[in-house]
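Worksheet for the structure shown next.
Every number here is computed from the coordinates shown, using simple stated rules; none is lab data. The structure presented is a predicted model; accordingly, all values stated were derived computationally and were not measured. Glycine also receives a Cβ, built like all others from the backbone with ideal geometry; neighbour counts cover every protein chain displayed.
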Amino acid sequence: MSGGAAVHPAGLYIVVAELRARPECVDAFIALARGFAAECLAMERGCRQFQVVRLASSPAHVLFFEAYDDEAAFGVHSRSAHLQRFKAAFQGLVLGEQPLRLGWLEPVGP
């Protein structure tokens, strides 16, 4: 592992992002996010999962559940041109973002 990023014996590095879409822009934001998620999965070797979750209790709140091989893979994602394009594209569609939640997957079972 290069760059000093930690490797956790349990496995995947998990990222949860939460954004609040403008009520009139929820569908457009979801469509944009789904395309971005597909792009990440196709272009980033270390991106193992990227789910877009619309909260049932608050449909304008959207979570991204992302899983990476390790922190270094998330670093590649964070510096990617497609992330910068996505951020620029969604600015008019969202009211705000919560700080990222970061952690390691703790497998259950044998």
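Structural remarks
- Within the range 32-55, not a single residue is farther than 30 Å from VAL108 by Cα, of a type in the set (D, E, K, R), in a helix (DSSP H, G or I) and out of contact with any Phe, Trp or Tyr (no Cβ under 6 Å at 6 or more places or on another chain).
- Residue pairs whose Cβ atoms lie under 9 Å apart, separated by 6 or more positions or on different chains, with the first residue in the range 71-92 and under 16 Å from GLN49 (Cβ atoms) and the second of a type in the set (Asp, Glu) and surrounded by 12 or more Cβ atoms within 10 Å (Cβ to Cβ), are ALA73/GLU44; PHE74/GLU66; VAL76/GLU44; HIS77/GLU44; HIS77/GLU66.
- Restricting GLY92, GLY96, GLY103 to residues that are within 10 Å of VAL15 (Cβ to Cβ) and small (Gly, Ala, Ser) narrows the list to GLY103.
- For GLU66, the test of being part of a helix (DSSP H, G or I), among the charged types (D, E, K, R), surrounded by 13 or more Cβ atoms within 10 Å (Cβ to Cβ) and in contact with a helix residue (DSSP H, G or I) (Cβ under 8 Å, 6 or more places away or on another chain) is failed.
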